[in-house]
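Below: the structure, in structure tokens.
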């Protein structure tokens, strides 16, 4: 996803207004202080008694989560991030178990907090790459107790939408990969249909993990590698891993879709009921007067029903996806109408403001414990209690902090400090997935007082 300012002075401005707009835009861009974005909150919550003998204390974890959420904003409420109609995926690391991986106590606290805010239990899905890993890590009893669902992205399967291709990196496919059985090797990675077709919001809950390849890994790599197929190839090629992680994560973040049957129903309602707006057909939100441009008639705005119908009928007749440009006062984006009626986003035209409407709503670093060596297996002898939760909407910031923590712990024990994931973090920052610059963070630490033993 890269910024596209070319649309900002298009058809509905006169030539004179375009020149004025361009002059004003140039002045603003030349004066960064006038457009400085607010710093993103990055919250660390510490409770010295959050764990006992490496086991989380549920009441303390609950208190830490609530303190962290309230620190994100003085009047924080889940409705600011999550709709009660959202299907919310809680992404965990189950493969490494409950010592090195995500602690179920943290997942429980998040799920219960969501449910208390009005999100139905049936709309919450705890997920990882493999369902069997979730079952082995003990998430089945938790899901049954809370009434939430479990899902493995691999079991749900992978789809054709916006595959990530690396022409120079062929790899032998494994059972479950999208093209397995059709070809022996592939250069493509596909995103799971769990992400593209089912989940509308994602909360990532991950621990800091020591990594041989990049020193540390966290939300970015865990999300990307769990949501796509044919990813083993990136583990043997760091130069290819660096762009692959942000590119795959960008696809996850902006996999917004409107299914064909829903699109056709909403389009019919737009024609017959003539509502005040076409918002039900929008994949992103905007405000003010809204203009619709179809690529075959881009010099003038069209009524919404005309624009969507023309694009859809052309897509059906030609068998090729068609593009609509939707522009409001606050946001603009390109929406792709496919021959089957499915609507998706054109990721490459999204700018920084549109990036705020990501599916990735919140990230929680489970730093109750940290295993700082041999992170691909559970090793209590290389783990220590940190007794913290880190909370932010910025996964890049949290992953940078995880890398710093692991490097510090390794230095304290005279273990070699491996290369940091700086290249991945920089790449992700350029794609507006977050920021690796401390000056962009509003970093706060909250210390909870000790409580009596449970």
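The values are calculated or read from the model by the stated rules, or taken from the named source; none is laboratory data. Not measured: the values here are computed from a predicted model. Neighbour counts run over all protein chains shown; Cβ positions are idealised from the backbone, glycine included.
A few comments on the model shown:
- Test: residue in the stretch 299-315 that is in a strand (DSSP E or B) and either buried (at least 17 other Cβ atoms within 10 Å of the Cβ) or out of contact with any strand residue (DSSP E or B) (no Cβ under 6 Å at 6 or more places or on another chain) (or both): yes
- Put simply, of 368, 401 the only residue that is assigned by TED's automatic domain parsing to the domain that holds residue 440, at pLDDT 95 or above, part of a helix (DSSP H, G or I) and under 25 Å from residue 70 (Cβ atoms) is 401.
- Residue 90 being at pLDDT 80 or above, in the same structural domain as residue 121 (by TED's automatic domain parsing) and in a strand (DSSP E or B): yes
- Of the criteria (1) surrounded by fewer than 23 Cβ atoms within 10 Å (Cβ to Cβ); (2) at pLDDT 95 or above; (3) within 23 Å of the chain's Cα centre (by Cα), which one residue 425 fails: (1)
- Against the test of being touching a residue at least 12 places away in the same chain (Cβ under 8 Å) and at positive phi, the options 128, 162, 177 yield a single qualifying residue, 162.
- Residue match in the stretch 431-444 (condition: surrounded by 17 or more Cβ atoms within 10 Å (Cβ to Cβ), in contact (Cβ under 8 Å) with a residue 12 or more places away in the chain and over 27 Å from residue 69 (Cα atoms)): no
- Filter result for residue 394 (crowded, with 20+ Cβ neighbours inside 10 Å, touching a strand residue (DSSP E or B) at 6+ places or on another chain (Cβ under 7 Å) and over 26 Å from residue 97 (Cβ atoms)): yes
- Filter result for residue 326 (touching a residue at least 60 places away in the same chain (Cβ under 8 Å) and either out of contact with any helix residue (DSSP H, G or I) (no Cβ under 7 Å at 6 or more places or on another chain) or assigned by TED's automatic domain parsing to the domain that holds residue 424 (or both)): no
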